[in-house]
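What follows is one structure encoded as structure tokens, with my remarks underneath.
The values are calculated or read from the model by the stated rules, or taken from the named source; none is laboratory data. None of these values were measured; they are calculated from a predicted model. Note that we place each Cβ from the backbone using ideal geometry, even for glycine, and neighbour counts take in every protein chain shown. For the accessible areas, the whole protein counts, side chains as well, though only heavy atoms, and no ligand, DNA or RNA atoms are used. Shrake-Rupley method; radii C 1.70, N 1.55, O 1.52, S 1.80 Å.
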Amino acid sequence: MPQEFSTSSLCVHDMMTHREETMSQHFSDNAPSPQKIGVREFRGNLTTYLRQVRQGRTILVTSHDEVVAELRPPAPSYRPRRQPGALRGRIRMNEDFDQTPADLLESMERDL
């Protein structure tokens, strides 16, 4: 009599080949877990994977099922980006801003 298997005892993930797994992860851009790829696959499609990292994906590079590298976008800068016009109305110039003080003019005209 043939043995029966329940679907709960089988892991569909284990039955997928590495290539199928890579392709399925390739098409699901909103996958919450990091994408695992082999070194050879990464090397062959470097530009594609770097583009995905730039868009916010995290990629784990594996060699013989061991994670050897983790690629992710850099942490946001601690310095906020400059926003032109953010200080509008807060900075005031003195009326004599463009006039050279008399004592400075005198010191420049003196002989050494």
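What are the GluC sites (Glu not before Pro) within segment 25-112 that DSSP puts in a loop, where the Cβ has at most 13 other Cβ atoms within 10 Å? Write down the numbers at each step before the final one.
On the way: sites: GLU41, GLU66, GLU70, GLU95, GLU106, GLU109; in loops: GLU95.
Here the GluC sites (Glu not before Pro) that fit, given the DSSP loop and packing criteria, are GLU95.
Ordered from largest to smallest accessible area (heavy atoms of protein chains, 1.4 Å probe), the residues SER107, SER77 come out as SER77, SER107. Proximity of backbone amide H atoms, modeled 1.01 Å from N, is registered between THR58 and GLN35 at under 5 Å, excluding neighbours fewer than 5 places apart on the same chain.
The loop-placed trypsin sites (Lys or Arg not before Pro) in segment 55-112, going by DSSP, that have at most 12 neighbouring Cβ atoms within 10 Å of their Cβ come out as ARG81, ARG82, ARG88, ARG90, ARG92, ARG110. Rounded, prolate or oblate: pick one for segment 61-112, where a ≥ b ≥ c are the square roots of the eigenvalues of its C-alpha gyration tensor, a/c under 1.5 means rounded, and failing that, prolate if a/b is larger than b/c, else oblate. Oblate is the answer for segment 61-112, as a/c is 1.5 or above yet b/c matches or exceeds a/b.
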